[in-house]
Amino acid sequence: MNVTQRPNSFRIGPDPTGHFGGYGGRYVAETLMPLILDLEKHYLAAKDDAAFQAELGGYLKHYVGRPSALYYAERLTQHLGGAKIYFKREELNHTGAHKINNCVGQILLAKRMGKTRIIAETGAGQHGVATATVAARFGFPCVIYMGEVDIERQKPNVFRMELLGAEVRAVKSGSRTLKDAMNEALRDWVTNVHDTYYIIGTAAGPHPYPMLVRDFQAVIGNEAKAQMQEAEGRLPDSLVACIGGGSNAIGLFHPFLDDPSVEIIGVEAAGHGIETGQHAASLSAGRPGVLHGNRTYLLQDDDGQITEAHSISAGLDYPGIGPEHAWLNDSGRVNYVSVTDKEALAAFQLCARLEGILPALEPSHALAHIMRDAPNRPRDHIMLMNMSGRGDKDVFTVADAMGSKL
Amino acid sequence: MSRIEARFAQLKKEGRAGLVAFVTAGDPDMATAARIVEGLPAAGADLIELGMPFTDPMADGPAVQLSSLRALKSGATLNKTLELVARFRAKDQTTPIVLMGYYNPIHNKGLEAFIAAAKQAGVDGLIIVDLPPEEDGALRGPAVKAGIDIIRLATPTTDAARLPAVLEGASGFLYYVSITGITGAAAPDADVVAKAVGRIKQTCKLPVAVGFGIRTPEQAAAIARVADAAVVGSALVNEVGAAKTPDEAVTRVHGLVQRLAEGVRSAR
């Protein structure tokens with residue numbers, strides 16, 4: 001385990017070379033180096049450009065439907081009998097998840113850079129749908145790489161992407177899930193460097209992606225902070241979010257990192273259980289390594305080969321995690337726990353019945369942690385969860401797991 | 001003088017370009033791969049580029065991906081790859097061997113431990129695809145001390161502003177990736193490559209090897225006219241993939257290397 005010194009602020013990363021402590025960086029083929037250096041230059045300029053921010057804000061308001069609601073989950077709170085539970089309703093965004101926040105930001109960046117073709121990888125299909133959506137809206141041709149296994153378990157999203165005019169390319173290599181989709185997207189990018197913009201969907205990959213995805217998702221935490229002030233007149237006591245690559249989590253967490261009273265909990269997917277080896281909990285059971293452009297915690301074998309992750313949730317089924325989470329883990333600022341497929345399924349059903357909300361299987365993991373944790377907390381403990389996506393895409397998977405035939 | 005320097009000096013004396021043959025360690029299995037590697041110099045390879053198998057070869061096309069998977073399936077590991085090199089080195093003290101692969105298995109073994117083992121085995125250089133100059137400092141330190149070259153890559157996107165960063169600290173030779181794309185993709189246009197190599201040679205004092213997309217003796221000859229070496233990889237591992245038996249894999253690879261070497265040797 002790497003030991004990180006406690007910094008003065010948890011919000012200053014990455015350093016100018018793209019590192020969060022010993023994590024992150026730019027581990028890419030030379031062909032891509034000039035591109036990511038160029039992307040960084042353009043992003044930093046856009047970030048300080050009031051016109052860019054105003055345009056982004058306009059789309060977030062009128063197209064995405066922001067701000068998303070902060071919702072007091074009253075019946076869940078009563079049922080669990082402890083902490084007061086709030087949801088940040090990212091599932092109410094256009095396209096049904098937080099992914100669109102980042103896609104709007106990146107497509108505006110692509111436009112600004114004069115790129116004319118969009119590619120992306122997707123696991124659950126939410127990022128693919130969000131990318132296909134913004135590509136349609138801005139008139140870009142769009143190719144989405146998706147593992148064959150994920151295509152099978154997320155059929156509705158595949159059809160949605162096609163309706164939006166995107167071409168979904170099935171990835172048949174490796175484990176045929178998210179990591180292989182990312183490999184294939186990188187291969188496309190390295191081939192089509194001149195006109196193509198790669199919209200990475202999570203806060204991972206080579207610098208500057210972890211930084212810019214985080215910045216585009218930080219709207220979640222910034223809004224929640226203000227909304228909580230309005231609802232309760234104070235900060236929440238704890239934050240809970242699920243983690244695959246970690247974009248919804250870092251988006252909620254980042255604005256609160258320097259508020260020491262706020263306890264922060266990230267929930268990884270334990271799949272069939274950490275002890276079975278079939279899981280996607282890279283922080284709980286992985287080791288630092290280098291994959292997909294960044295140094296971070298990875299699931300790997302004794303030889304440094306990447307092992308296949310498992311989660312019932314396609315969006316969490318990834319053997320790595322964003323580098324800022326790796327750093328927040330080592331520095332102790334965020335506590336990372338894990339939840340099994342079974343626990344997530346139970347939380348999915350409970351939420352549907354008590355709150356009339358079908359959560360995606362990804363935030364069902366966060367919810368499952370809350371089911372364990374909330375009863376042990378006092379009633380004045382305010383717990384804020386990121387409801388990062390809606391569960392419509394998962395009904396087939398859930399039906400299958402429950403033994404129902406649709 | 002390192003084995004790489006000596007080999008390029010010899011090629012210069014002979015007035016010809018070299019052939020760099022790429023195969024993957026452990027493809028289709030370690031014993032057969034050892035036979036393939038051991039026969040490469042006699043078949044006409046001037047340098048050997050040996051692939052270290054990895055589960056996620058992000059810059060490689062289908063041919064090298066499949067080769068890597070065959071190797072991993074047959075039980076290839078980084079340590080076994082180094083054993084293969086040591087076995088080769090015991091019989092051949094002059095042909096340079098450059099390991100090509102991705103950073104994670106090296107990172108996993110530990111940089112110092114890896115360099116020490118590579119030195120011991122007789123490795124001459126390293127091409128780590130996902131380790132650009134910005135990130136290779138930690139490996140380059142021990143490598144330089146051990147006399148192992150870190151082979152840098154230049155590509156069509158490496159413009160005049162970027163090239164000095166690539167050349168700073170480069171040694172052995174420069175690997176020019178002839179196309180923007182993955183290994184085994186479309187063949188490069190030799191005229192375009194000639195211009196790029198010419199541009200690079202204005203500032204680069206190292207020999208320049210050109211690879212990606214070269215598969216026939218004619219293509220290798222065309223590159224051999226404009227560069228110091230031509231690298232062939234996907235076409236060779238495809239021969240392994242097409243073979244029905246280990247013996248056939250050995251024969252097929254050596255046969256293609258012979259034809260490629262004739263192409264390279266007849267180029268100028």
Subject >> A:Tyr63, sole failed condition from (1) crowded, with 19+ Cβ neighbours inside 10 Å; (2) of a type in the set (Ser, Thr, Tyr); (3) part of a helix (DSSP H, G or I); (4) away from chain B (no Cβ under 14 Å) >> reply: (1)
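Look at A:Phe140 and say whether it is more than 19 Å from the chain's Cα centre (by Cα) and part of a loop (DSSP other than H, G, I, E, B).
Numbers: more than 19 Å from the chain's Cα centre (by Cα): yes; part of a loop (DSSP other than H, G, I, E, B): yes.
Here the answer is yes, as A:Phe140 does meet what is asked.
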**OP:** Scan the stretch A:305-325 for residues that are outside any loop (DSSP other than H, G, I, E, B) and either among the basic types (Lys, Arg) or at the interface with another protein chain (Cβ under 9 Å from one of its Cβ atoms) (or both) and jot them down.
**Re:** A:Ile306
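Is it true that some residue in the stretch A:206-225 is touching a residue at least 60 places away in the same chain (Cβ under 8 Å), among the polar types (S, T, N, Q) and more than 16 Å from A:Thr122 (Cα to Cα)?
yes
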**OP:** Find the residue count for the stretch B:106-118, including only residues that are away from chain A (no Cβ under 13 Å) and surrounded by fewer than 23 Cβ atoms within 10 Å (Cβ to Cβ).
**Re:** 3
Original post:
Which members of the stretch A:257-302 meet the condition of being of a type in the set (Asp, Glu) and free of Cβ contacts under 8 Å to residues at least 60 places away in the same chain?
Top reply: A:Asp259, A:Glu275, A:Asp301, A:Asp302
Original post:
Given the conditions (1) touching a residue at least 12 places away in the same chain (Cβ under 8 Å); (2) surrounded by fewer than 24 Cβ atoms within 10 Å (Cβ to Cβ); (3) within 14 Å of chain B (Cβ to nearest Cβ), and given that A:Pro141 satisfies all but one, which numbered condition is not satisfied?
Top reply: (3)
Original post:
Does B:Glu5 satisfy the criteria of being at pLDDT 95 or above, under 16 Å from B:Tyr175 (Cβ atoms) and surrounded by fewer than 24 Cβ atoms within 10 Å (Cβ to Cβ)?
Top reply: yes
Original post:
Among the residues of the stretch A:274-299 satisfying the criterion of being more than 13 Å from chain B (Cβ to nearest Cβ) and in a loop (DSSP other than H, G, I, E, B), which is surrounded by the most Cβ atoms within 10 Å (Cβ to Cβ)?
Top reply: A:Ala280
**OP:** Please state which of the following conditions B:Ala185 fails to meet, knowing it meets all the rest: (1) within 18 Å of B:Ala63 (Cα to Cα); (2) in a helix (DSSP H, G or I); (3) within 13 Å of chain A (Cβ to nearest Cβ); (4) aliphatic (A, V, I, L, M).
**Re:** (2)
Original post:
Looking at the stretch B:19-105, what helices (runs of 4 or more DSSP H) fall wholly within it and have at least 1 residues that are surrounded by fewer than 19 Cβ atoms within 10 Å (Cβ to Cβ) and within 11 Å of chain A (Cβ to nearest Cβ)?
Top reply: B:62-73, B:78-91
Original post:
Which of (1) within 14 Å of chain B (Cβ to nearest Cβ); (2) touching a Gly at 6+ places or on another chain (Cβ under 8 Å); (3) surrounded by fewer than 24 Cβ atoms within 10 Å (Cβ to Cβ) is the odd one out, the single condition A:Asp302 does not satisfy?
Top reply: (2)
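The values are calculated or read from the model by the stated rules, or taken from the named source; none is laboratory data. Just so it is clear, the structure is predicted and the values come from calculations on it, not from any experiment. Every residue, glycine as well, gets a Cβ built from its backbone with ideal geometry; the counts of neighbours run over all protein chains shown.
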